[in-house]
1. Could you tell me whether Gly87 is surrounded by 12 or more Cβ atoms within 10 Å (Cβ to Cβ), of a type in the set (Gly, Ala, Ser), under 23 Å from the mean Cα position of the chain (by Cα) and within 23 Å of Leu151 (Cβ to Cβ)?
2. Which condition does Asp69 not pass, out of (1) more than 21 Å from Ser131 (Cα to Cα); (2) without any contact (Cβ under 8 Å) to a residue 40 or more places away in the chain, if it passes all the others?
3. Mind listing whichever residues of segment 47-72 are modelled with pLDDT under 80 and either surrounded by fewer than 20 Cβ atoms within 10 Å (Cβ to Cβ) or more than 17 Å from Ser6 (Cβ to Cβ) (or both)?
4. If I go through segment 95-113 residue by residue, how many of them are within 23 Å of the chain's Cα centre (by Cα), without any contact (Cβ under 8 Å) to a residue 24 or more places away in the chain and either closer than 27 Å to Pro38 by Cα or outside any helix (DSSP H, G or I) (or both)?
5. Please go through segment 8-36 and pick out each residue that is more than 24 Å from Ala62 (Cα to Cα) and aliphatic (A, V, I, L, M).
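The values are calculated or read from the model by the stated rules, or taken from the named source; none is laboratory data. Quick caveat: nothing in here was measured; it's all calculated off a predicted structure. Reconstructed Cβ throughout: ideal geometry from the backbone, glycine too, with neighbour counts over all protein chains shown.
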Amino acid sequence: MNRFISIVEKTAGYLLGIVAALTFAEAALRYVFNSHIPDGFVVGQLMQGVAICWGIATATYADRHITVDILYAAGPHWLRRTFDIFGYTLNLLFLTAFGAGITYKVYDIYHAGQISSELLIPLWYGYTLASLGIVAAVVLAFFRWWQVVFLSQPGSTNHG
């Protein structure tokens, strides 16, 4: 599993690097040469969405969320366990709702036939890749929830 997470993290990082290069090239062409990259904004936007959604998936399993742990660290074991169960359950429910919503959005964009304005790229391609990232986040959130709730593993590995 850690190898998969590592590959996804690197891919998301490369996508964000490409988005940055595309944004710079688009700005340089627009302001220096009064030109532009055909559908550069749309492609960059789709790539950024894919990178963010897959980044959410890796952060979900690897437990690299932003945390506020004053009560958690100072509390007794039963309080930490209660926080863990509540937090992982809430995370799983939120990601499930997000996954359902973005999957419906893919369906909606596909059936509407939305395409980019210059290269006529179907927009559902990018939305599908992003949606798969959130679906992966739901699956990984379920695994972490199962580990915390039923296998009694400690919730966040960031806390000592």
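1. yes
2. Here Asp69 clears every test but (2).
3. Correct list: Ala62, Asp63, Arg64, His65, Ile66, Thr67, Val68, Asp69, Ile70, Leu71, Tyr72.
4. Residues that pass the stated criteria total 4.
5. Answer for segment 8-36, where residues must be more than 24 Å from Ala62 (Cα to Cα) and aliphatic (A, V, I, L, M): Ile18, Val19, Ala20, Ala21, Leu22, Ala25, Ala27, Ala28, Leu29, Val32.
Residues checked against (1) within 14 Å of Ile56 (Cβ to Cβ); (2) in contact with a strand residue (DSSP E or B) (Cβ under 9 Å, 6 or more places away or on another chain); (3) not basic (Lys, Arg):
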site	(1), (2), (3)
Arg80	no, no, no
Leu90	no, no, yes
Leu95	yes, no, yes
Tyr107	no, no, yes
Tyr110	no, yes, yes
Tyr127	no, no, yes
Arg144	yes, no, no
Leu151	no, no, yes
